[in-house]
Amino acid sequence: MADPEISYFELQAYVGTTKHMGGFETTKALIELCHIGKDTYLLEIGCGVGATACYLAKKYGCRVVGVDISEAMIARSNERAQREGVEDSVEFRVADAQDLPFENALFDVVIGESVLTFIKDKQRVVGECARVTRPGGYVGLNEELWIETPPAPMVEHVRHIWDIKPDIPTLEGWMALLGGAGLRDVVVRTYKFSTRRESSQIQRYGFQDMWRMFYRTLFLYVKNPTFRKYMAGRRYLPKDLFEYLGYAIFVGRK
Ligand SMILES: C[S@@+](CC[C@H](N)C(=O)[O-])C[C@H]1O[C@@H](n2cnc3c(N)ncnc32)[C@H](O)[C@@H]1O
């Protein structure tokens with residue numbers, strides 16, 4: 001792997017796990033609200049290492065396309081699809097969620113988990129998700145939000161530890177983005193941080209992936225001084241962070 005200080009996502013692709021707040025439990029809630037079934041044709045934007053896309057193909061037998069801007073993520077996703085025996089029903093492609101390479105109204109459902117949070121032009125991404133969804137279909141997002149206006153140093157700290165360059169919206173901000181893309185009947189579930197929900201991540205990945213993440217992180221820590229420096233700068237979360245930072249599922253209909 002190249003210098004881990006270059007990219008937070010490059011590091012995640014290397015250890016083989018990506019994440020969003022709320023873990024697997026929140027993925028299942030998102031899926032339920034999007035009414036996914038066997039006949040659903042689904043697009044996942046910012047699919048990371050492909051865990052949700054492969055789960056959907058396996059659990060529901062539906063056809064899934066996963067896109068991510070990172071080639072390394074797409075390579076991990078393809079490996080996962082092979083490993084999980086779903087390579088015939090899942091297709092992964094490198095693509096920018098701001099400029100989706102699909103025709104209008106192609107998909108029944110478009111989802112994204114902790115992707116727009118990292119992109120500056122969120123309206124453009126929601127617009128693209130709505131554009132490629134068929135009329136009557138669903139756009140479902142799980143994204144970070146500020147529950148309350150945070151102190152300025154907290155915003156800076158969060159930018160640093162998770163490389164979140166753009167502003168994180170409030171609930172009203174996210175609702176305006178969905179409304180701005182013409183999505184209607186928006187269902188919202190807001191969440192505060194919960195250790196129990198976060199730990200459902202283990203269930204999402206299973207023992208093999210968690211073990212690989214552990215030993216690759218340990219290997220980097222022992223062998224790579226740049227990685228140690230990177231971790232040292234991210235060891236502590238701001239006090240009271242989760243009084244301010246939460247996340248929400250938004251599901252709107254086209
Ligand atoms: C926090 S990770 C979440 C990954 C995955 N959704 C999950 O829940 O495990 C965010 C992902 O969004 C991808 N991403 C960031 N900007 C993107 C863009 N403009 N278009 C597509 N993917 C993007 C990153 O490469 C990364 O894989």
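The values are calculated or read from the model by the stated rules, or taken from the named source; none is laboratory data. What you see is a predicted model; the values in this text were computed from it and never measured. Glycine gets a Cβ as well: all are built from the backbone with ideal geometry, and neighbour counts include every protein chain shown.
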With the first residue restricted to the range 129-144 and required to be under 25 Å from Gly23 (Cα atoms) and aliphatic (A, V, I, L, M), and the second required to be modelled with pLDDT of 95 or more and in a helix (DSSP H, G or I), Cβ contacts under 6 Å at 6 or more apart or on different chains are Val139/Cys129; Val139/Ala130
Would you confirm whether or not the range 102-116 contains a residue that is of a type in the set (D, E, K, R), surrounded by 15 or more Cβ atoms within 10 Å (Cβ to Cβ) and in contact with a Gly (Cβ under 8 Å, 6 or more places away or on another chain)? yes
Scan the range 175-195 for residues that are assigned to a helix (DSSP H, G or I), within 24 Å of Leu241 (Cβ to Cβ) and either touching a helix residue (DSSP H, G or I) at 6+ places or on another chain (Cβ under 7 Å) or free of Cβ contacts under 8 Å to residues at least 60 places away in the same chain (or both) and jot them down. Leu177, Thr195
Only one of Glu198, Glu148, Glu172, Glu156 is among the acidic types (Asp, Glu), in contact (Cβ under 8 Å) with a residue 12 or more places away in the chain and part of a helix (DSSP H, G or I); which? Glu198
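Yes or no: Lys28 touching a Ser or Thr at 6+ places or on another chain (Cβ under 9 Å) and closer than 25 Å to Glu128 by Cα?
On the way: touching a Ser or Thr at 6+ places or on another chain (Cβ under 9 Å): yes; closer than 25 Å to Glu128 by Cα: yes.
Here the answer is yes, as Lys28 does meet what is asked.
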Name the strands (runs of 3 or more DSSP E) wholly within the range 45-130 that hold at least 1 residues that are more than 7 Å from the ligand (Cβ to nearest atom), within 28 Å of Tyr191 (Cα to Cα) and of a type in the set (Gly, Ala, Ser)? 63-68
